[in-house]
Amino acid sequence: MTKYRGGAVEQPVEQDPAKCSAYGCPLRASVNQGGGWQCFCHAWATPDKWQAITRELREHDWLIGLIGDLQRLYNEGSKDQPWLTMAREFWAEYPDLKPTAREVANWNLYLWRMRAELEHRVGARSKKPEPLEPAQPHPKRGNATHAAQEITA
């Protein structure tokens, strides 16, 4: 607050530019839709749903913390994969949320699914996410190796 000729004048509170622009959101901004930076949960939702999403994000701080912990463990790069042990133990009673063999081989797939799970639980995504399946090659085009062979032939 600043005093001006005997009166107090409110100073605007500067928002951290790395934070989501939805008021009170605990997540970092990662998507710019042209109207400012939002987190992955608020970016695709209409502004009338932002308050409810923020409230649910605060109630799901345990899942936000889990995702952060799993990412930190993965980034340590240990051969025994402590992130995998933690995820399996955490979701012991929820086998559908444990990493699949494909997600163990490709960490980004599991990270995507955990973020999508958070979106679903807070109301930013209507459908519960499932593990991603491998992409099937187009029947007429084959796979990338086949295409490369045709180009070089």
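Taking amide H as placed 1.01 Å from N in the peptide plane, Lys19 has its amide H under 5 Å from the amide H of Ala29, each at least 5 places away in sequence or on another chain. Computed packing ranks the peptides 59-66, 74-81, 17-24 as 17-24, 59-66, 74-81, most packed first, by mean other Cβ atoms within 10 Å. Couplings 3J(HN,Hα) of the range 44-56, computed from phi: 9, 9, 6, x, 5, 9, 4, 4, 5, 5, 4, 4, 5 Hz, in residue order, whole Hz [Karplus 6.51 cos²θ - 1.76 cosθ + 1.60, θ = phi - 60°; x for Gly and Pro].
Once the Cα-Cα distance is subtracted from the 0.36 nm per residue extended length, the Glu133 to Arg72 segment shows a gain of 19.4 nm. Within straight cross-link reach of Lys127, meaning Cα distance under 13 Å, which aspartates and glutamates are found once same-chain residues fewer than 8 apart are removed? Reachable aspartates and glutamates: Glu117, Glu119. Pairs Lys79/Lys128; Lys49/Lys98; Lys98/Lys128; Lys19/Lys98: which are spaced more than 22 Å apart, C-alpha to C-alpha? Too far apart for the 22 Å limit: Lys79/Lys128; Lys49/Lys98; Lys19/Lys98.
Computed 3J(HN,Hα) for the range 19-29, one whole-Hz value per residue from the Karplus formula 6.51 cos²θ - 1.76 cosθ + 1.60 where θ = phi - 60°, is 8, 4, 7, 6, 4, x, 5, x, 8, 7, 6, glycine and proline marked x. Here Leu97 sits with roughly 0 square angstrom of accessible surface, probe radius 1.4 Å.
The values are calculated or read from the model by the stated rules, or taken from the named source; none is laboratory data. Quantities reported herein were computed from a predicted structural model and do not represent experimental measurements. No Cβ is skipped: glycine too gets one built from the backbone with ideal geometry, and neighbour counts run over all protein chains shown. Accessible surface is based on the protein model in full, side chains and every heavy atom, while ligands, DNA and RNA are left aside. Shrake-Rupley method; radii C 1.70, N 1.55, O 1.52, S 1.80 Å.
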